[in-house]
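The structure appears below as structure tokens.
Every number here is computed from the coordinates shown, using simple stated rules; none is lab data. None of the values given here were measured: they were computed from a predicted structure. Please note: Cβ atoms are built from the backbone with ideal geometry, for glycine as well, and neighbour counts cover all protein chains shown.
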Amino acid sequence: MRAHEARLGDGEVADARRHRTGLGSRLLAHCEEQLFARGHATIRLETFEGNQQAIAFYGKNGWREVGRQ
């Protein structure tokens, strides 16, 4: 990880009891706000290609796919 990069929850999995409570969206928004406030111009988010639940969650929260590795 380079000095200007930030990672959150690398490999973390949300407790299923917390799904669809709004907690994840609030946490994601807070992290975005903090990273932008610290001068990050962009944020890179990664998930596994087959993780449709995560992809849908991020899409619902305004993220879009810009590439695949």
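Would you mind working out the magnitude of the charge dipole of region 14-69 relative to its Cα centre, with +1 at each Lys and Arg C-beta and -1 at each Asp and Glu C-beta, to the nearest 20 Debye?
160
So for the pair His40, Gln52, with labels modelled 7 Å out along Cα→Cβ, what separation do we get in nm?
2.9
Specify whether the C-alpha gyration tensor of region 15-69 places it in the rounded, prolate or oblate class, a ≥ b ≥ c being the square roots of the eigenvalues: rounded for a/c under 1.5, otherwise prolate if a/b is larger than b/c and oblate if not.
oblate
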